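Comments concern the structure below.
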Amino acid sequence: MAVQNETLFSYIEHVGILNDQGELLAQRVQQGLVRAGMKDVTTLSVQPDTGRRLIVRHGPSLHRVHVHPVQRSPRTPSVEPGWLPLLVSSEFTDASAQGLADSGVSFLDERGNAHLSLDGRTVLFAPSGKTRPTGLRATPGPPAPATRAAGVLALNRASHRVAFALLANPELAGSPVRALAASARVSVGTVHNTLAQLTEAGLLLDGQLHHAGRLLDAWAEAYCRLAIRPLAPRTLYAPDAQWSDILLAQPESGVLMGGIAAAAALDSHVRATDGIVYATALGPAVTLLRLKTDPTPFRVDVRERFWEDLLPTPQTGLVPSVLIYGDVLRDGDARSRDIAANLRRNDAHLRALG
């Protein structure tokens, strides 16, 4: 009977943040934010006895927050004018926490995961799976899943874009977080998480990349595993070998060349008939290169351009050197590996990365 009572008590504590209202909820939210690392924050309940509407003071600013308890499958609530939605749970999985942060959703759980965005600016992002929250009794359960070892990068699709932007322009490491997020076309929360990974791995220090060659290796390895879908549902072909010359002659089109064709543009010893082009939409590439579904020897894959302008490129009309290198490596054959190795030795930008 004592064991049953202890288990019941632990369960009641564990679901507290889901059931609490009024001032008790405000206290739990404030404790959770402070535990996650937020400073100078106070929360008060709009309805002291019931309700889930809070006033959150952060520094000199006041913010109206509406708490939404969620269970295993969190969904972003509809935005209520004037109120910031804050999802709370006893525990978000690591995947759920990362997905919510990538979407810019504010959330908090009793495990230590927290993400808070106020006035469109991320003021707190604390992914956690390493410690139990204080105030909860430990209960027997299955072994915790293995966590990423210190110094090992785990790049998902979004954080992979952040690493790409940093490799393409290392000066972004010392720029405002929003500038890096804009360059990589990801959320500010994703940038914070990726920078934390890089710092933990010893690849980022005081706003500068360190051992950039290691980061390039990790990025390229992850890139080879990513599933990439062309913009076109069917394979497209150019009518003749002039397609690459046409593209390079019209840089204002916004269509950029990558892959083996871009490597051939940089190295006269490389020959290519196929190629990859990047564009924000399918139409401009199809029109410019006269692409059709009728097979020819000149296959052209059209992929979505996943970065903003201003990332440096080795030549007008080409994608950044890092992406050329990654695309050639993805081909996987011995010839492609040799071309990629030569590109890394001969391209000034890749050589500087190490």
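Every read-out reported here was derived from the displayed coordinates using simple, explicitly stated rules and does not represent laboratory data. Because the structure is a prediction, the values reported are computed rather than measured. Don't worry about glycine lacking a Cβ; one is built from the backbone with ideal geometry, like all the others, and counts go over all protein chains shown.
Values as computed for the structure displayed
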{"read-out": "Integer Hz, Karplus 6.51/-1.76/1.60 couplings in order for the range 291-301, x for Gly and Pro", "value": "6, 9, 8, 5, x, 9, x, 10, 6, 10, 8"}
{"read-out": "D_trans [Stokes-Einstein, Kirkwood Rh over alpha-carbon pairs] for the range 169-296, 10 °C, 1.306 mPa s, µm² s⁻¹", "value": "91"}
{"read-out": "Enclosed volume per residue, in Å³, of the convex hull spanned by Cα atoms of the range 157-225", "value": "73"}
{"read-out": "Size descriptor, Kirkwood hydrodynamic radius, that averages inverse alpha-carbon separations across the range 14-126, Å", "value": "13.7"}
{"read-out": "5 angstrom amide H check on Leu124, placed H, neighbours 5+ away", "value": "Leu116"}
{"read-out": "Surface/4 of the Cα convex hull for the range 243-353, nm²", "value": "6.9"}
{"read-out": "Net charge, Tyr278 excluded, C-beta distance under 11 Å - Lys, Arg +1, Asp, Glu -1", "value": "-1"}
{"read-out": "Estimated FRET transfer efficiency when R0 is 35 angstrom, pair Asp309-Ala241 (beta carbons, to 0.05)", "value": "0.75"}
{"read-out": "D_trans [Stokes-Einstein, Kirkwood Rh over alpha-carbon pairs] for the range 267-331, 25 °C, 0.890 mPa s, µm² s⁻¹", "value": "184"}
{"read-out": "Neighbour net charge for Ser183 - beta-carbon separation under 11 angstrom, K R +1, D E -1", "value": "0"}
{"read-out": "Loop trypsin sites (Lys or Arg not before Pro), the range 147-237, which have at most 16 other Cβ atoms in a 10 Å radius of their Cβ (DSSP)", "value": "Arg148, Arg185, Arg234"}
{"read-out": "Relative packing of 266-276, 102-112, which averages over residues the other C-beta atoms within 10 Å, highest first", "value": "102-112, 266-276"}
